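Below is one structure, written out as structure tokens; the observations come after it.
Each value in this text was obtained by applying a stated rule to the coordinates, not by laboratory testing. Values in this document were obtained by computation on a predicted structure and should not be read as measured data. Glycine gets a Cβ as well: all are built from the backbone with ideal geometry, and neighbour counts include every protein chain shown.
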Amino acid sequence: MSTRLGGALAEHLRRHLAPGQLNFVLVEGVPASVAEGMSRAWDGSLPRLAVVSPEPGRFGEHALTEVSGTRLRNQPGTSGVVLVLCDGEQVPDRQSLNLFESVSPSVLLDTAEGMGILSQQHPAVDLDGPARAVREAVVQAGVASRPSAVAVAAYLDRLAAGEDPLRALPAIGAFTDQSPTGERTDSARVGDNLALAARRTSEELLRPSAYADLRRRAERVLARRPGLPDHAAVLAMADDVMGKLQAGSADLLDTLRFDEAREILEQRPEALGPVVRREIDQYRAGLLPGSQAEGLPWKVYEKRADELGRGAGQRDAARELCDLDDAQQRQVFTKPTRAKLERLLRDKSVNGSSPSCPEAAIVRAAQQLGGLIQRVQVLSPNPPAANSAAAINRSGAGRILTLACARLRLGGLFHEWDWGGGEVDGLMLRAAEELGDETYHERVS
Amino acid sequence: MRSILAVDLALHVARTAWATTHAPAAEQYLLLSFGGSPRAQDPVRQRSEDSYRRARIRLSEATVQTLALRMRQLDEGERVVDWPSEFQTGSALGNTDDEESISNQLKRLPRPAAAEHYLHIARAAVEAANYSRGAEDGFRVLLESVGALVGTGSYRYLTAGPDLLAALVGAVSAQMPMPSREFFAAIRREWGLVVNQESAADTALASQIDGAGLERNARRAEKLMSDAGLALGLSDRTTIVGERAARIGS
């Protein structure tokens, strides 16, 4: 991995050093193997490479032995120098090198270009599919959860050897993962994974008072693993997880899958789709051979379970699955799962206040409804009646101003909607200046 | 004197935990962070938080392992152990009426029992009762009392203010004055404290953080020492540390 990282650093410098000018660069605190990778990839198009290490023999002509960094800098006719200090090594005149430009291996993780350079070093890795999501997540990750360049290089080497990009995630400090059923793995999921893995040693998570709850959740989640034959095996596995969690062991990243870790550490419930699929499988496994229920179109129901995630088909899918459960005397789903399915059948409200963007809320509502919005109706606030007490008091003024703001912001949109054949409440089609009756208008002015 | 005694005791506790849990040598350090960058952009501070958290985790693990060892030693002794009486009076761990209490689990254990069985029970005991006050909270309070630990909650990190730096300089004053690099190497040897990239070379930090970031950290520590009169920046840009260094300069 260090050869990959060294080669990538050399390539980065080749692309970013100003050609034909004096370049003085300092690379500090890198493993000797990274410097070796740089040395191998170095060529005449780059300034002189000078490596300070306890084993100068490894670097041949690139080893810095008797010349100081300052002397290299001041040599007549020099085109610059890239000075590499391998871990722990230092030059006596370090303070005189403060004007050297500092380049660190982590610079490769700052941009997609840098990650591309890293992945293209021999043996090259094609960053496509889930690997692309990992690349994006690494570039976007904050300082706290971003893996080191050394770890990313090691991860890429494992991908080059044919490992699955999601299963190999522990190499960069994330929980092992697999693509959610019927969904693409996106960078947000990998980013969440990195952040959760970084938080696993936090004090708030490892409070002694939280251990009992963590163990209980670990037992509940691990009981669903198909590979664990009985309760004793589940308890042993939960004990192993708790031991690794309390010891801050990195082995936990291989032991728990991301979804499991999320449920145990964050109390975040599993997505409804996989739960429904699993309960359908459990129900089918208990059916008598040749029974009538065995002949049901189970593939269709599994497809409906996948549609529960989001989108237009969510409500229809929930309805169909509830009908299936009813037809089987409510034996298919557990009570919590049934309740979640029924919740999807209810009317929904969309909040446009946080952040304040009614247009985005309208788009979300259209997505939820699965098509064009046919009718817009103002349910509240009602404008106060003319010449009434409400027309001149504080709450009446609030209602009038709310409507005026809505008209000002959305008037153009609603008028176009109205002309396009949509049914829009007349209250929203009035001019924003129509604040209310004249009495109120005078008092405001 | 008070500061150095507190640091000595805190580091003794940490070293005992590292030895008890067989912590790898690369994990046996505490990273001091210097600087005023916002936390989100300061990798050294975040690694410092991590080094403190890992030390605490080791303390917690050491408690579990010591408890397991003590249970085993009691069991292997000559006298028959009355397990409920080994726990604090009134503690749920020694409740004879609860089938799953720790004393009943120990009673049921088939003899001779393997070490991992004791470890399992000790972990259950630590989960059911609060054993963290003695070691973990003591460690935290000691470091906080000398200004070596600042911040709150999950954002606590290790640093050293002028008073603590003065105490560290005073503690190695027999070898003073010395260049800052040698001073950083001395506090790494003596207390396991890491400040610059040279002293981080044999730790896990070498693969976690850029050497340049640690060097900037060292420059800020040097400046703090210079401002406090504990060090002197020479014209060749080297920094000499020592109680007498500032006096020589003035």
- Query: So, by mean Cβ neighbours within 10 angstrom, what's the order for B:25-35, B:6-16 with the highest one leading?
  - Reply: B:25-35, B:6-16
- Note on the structure: Restricted to the protein assembly as shown, the DSSP antiparallel beta bridge percent, nearest 5, is 30 percent
- Note on the structure: The pairs in A:K244/A:K335; A:K244/A:K303; A:K303/A:K335 lying past 26 Å Cα-Cα in this model are A:K244/A:K335; A:K244/A:K303
- Item | Point-to-point label distance, B:D227-A:A271, nm (Cα→Cβ direction, 7 Å offset) | 5.0 nm
- Gyration tensor verdict on the stretch A:175-314 (Cα atoms; rounded if a/c is under 1.5, prolate if a/b is larger than b/c, oblate otherwise): oblate
- Enumerate the amide H contacts of B:L149 below 5 Å, restricted to partners 5 or more residues apart or on another chain; note that Pro and chain-start residues carry no placed amide H. B:E144, B:T159
- Would you kindly derive the ³J(HN,Hα) couplings of the stretch A:6-19 from the backbone phi angles with the Karplus curve 6.51 cos²θ - 1.76 cosθ + 1.60 (θ = phi - 60°), listing them in order in whole Hz, with x for Gly and Pro? x, x, 5, 5, 4, 5, 4, 5, 4, 7, 10, 6, 6, x
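Determine the shape class of the stretch B:1-65: with a ≥ b ≥ c the square roots of the Cα gyration tensor eigenvalues, call it rounded for a/c under 1.5, and otherwise prolate if a/b is greater than b/c, oblate otherwise.
Since a/c reaches 1.5 but b/c is at least a/b, the shape of the stretch B:1-65 is classed as oblate.
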- Message: For a quick check: sort B:D82, A:D186 by the number of other beta carbons within 10 angstrom, fewest at the front.
- Response: B:D82, A:D186
- Could you work out Rg/(2.2 N^0.38 Å) for the stretch A:4-100, with Rg from alpha carbons only? 0.98
- Message: Please check: in the Gaussian network model of chain B (C-alpha springs, under 10 Å), which one of B:A185, B:A115, B:A160 has the largest mean-square fluctuation.
- Response: B:A115
- Query: Taking the radius of gyration and the Kirkwood hydrodynamic radius from Cα positions alone, what is the Rg/Rh ratio for the protein assembly as shown, to two decimal places?
  - Reply: 1.06
- Using a Gaussian network for chain A with springs between C-alpha atoms less than 10 Å apart, which of these wobbles most: A:S68, A:S104, A:S353? A:S353
- Quote the FRET efficiency, to the nearest 0.05, computed for A:E294 versus A:D326 with a Förster distance R0 of 25 Å and r equal to the Cβ-Cβ distance. 0.85
- Rounded to the nearest 0.05, FRET efficiency between A:S380 and A:D316 (Cβ-Cβ, R0 35 Å) equals 0.70
- Item | Nonlocal amide H pairs with A:G80, under 5 Å, H built at 1.01 Å | A:N23, A:R48
- Message: For chain A, take the longest principal axis of its alpha carbons; what is the angle in degrees between that and the long axis of helix A:272-285, to the nearest 10 within 0 to 90?
- Response: 80 degrees
- With no solvent and one equal point scatterer per Cα, compute the Debye intensity ratio I(q)/I(0) for the stretch A:274-343 at 0.23, 0.28 Å⁻¹ and report its log10, rounded to two decimals. -1.02, -1.49
- Task: Between A:S356 and B:A113, take the C-beta separation as r, use R0 = 60 Å, and let me know the FRET efficiency to the nearest 0.05.
- Result: 0.40
- Averaged over residues of A:236-245, the number of beta carbons from other chains lying within 10 Å of each residue's Cβ is 2
- Message: For a protection proxy built on the mean count of beta-carbon atoms within 10 angstrom, sort B:200-210, A:200-210 highest first, please.
- Response: B:200-210, A:200-210
- Message: Expected output is a single nm value to one decimal: the length gained when fully extending between A:W419 and A:S395, i.e. 0.36 nm times separation in residues minus the C-alpha distance. What is it?
- Response: 5.3 nm
- A chain fully extended from B:D163 to B:S145 at 0.36 nm per residue, minus the present Cα-Cα distance, gains in nm 5.3 nm
- Under a 5 Å amide H to amide H cut-off, with H placed in plane at 1.01 Å, what residues pair with A:S102 once short-range neighbours are removed? A:L26
- If you plug each phi of the stretch B:221-234 into the Karplus form 6.51 cos²θ - 1.76 cosθ + 1.60 with θ = phi - 60°, what whole-Hz ³J(HN,Hα) values come out, in order, with x for Gly and Pro? 5, 4, 5, 4, 5, 5, 4, 8, x, 9, 8, 9, x, 8
- Take every Cα-Cα pair in the stretch A:267-385 and report what % of them are more than 23 Å apart. 44 percent
- For chain A, modelled as a Gaussian network with Cα springs under 10 Å, which listed residue fluctuates most, A:V150, A:V300, A:V103? A:V300
- Put a dot 7 Å past each Cα toward the Cβ at A:R184 and A:T65; how far apart are the dots in nm? 5.6 nm
- Query: Whole-Hz Karplus ³J(HN,Hα) for the stretch A:216-222, in order, using 6.51 cos²θ - 1.76 cosθ + 1.60 and θ = phi - 60°, x for Gly and Pro?
  - Reply: 4, 5, 4, 5, 5, 6, 5
- Message: Per DSSP helix of 4 or more residues, -39500 (n - 2.57); summed, then divided by the residues of the protein assembly as shown. What does that give at 222 nm, rounded to the nearest 500?
- Response: -15500 deg cm²/dmol
- Output field shielding_mean for A:200-209 (other chain Cβ, 10 Å radius) holds 5
- Note on the structure: Rounded to one decimal in nm, the spacing of the 7 Å Cα→Cβ label points at A:A365 and B:D97 is 5.9 nm
- Exercise: per-residue mean of other protein chain Cβ atoms within 10 Å, B:127-137: 2
- Query: Where the only charges are on Cβ atoms (+1 Lys, Arg; -1 Asp, Glu), what is the dipole of the protein assembly as shown about its Cα centre, to the nearest 20 debye?
  - Reply: 620 debye
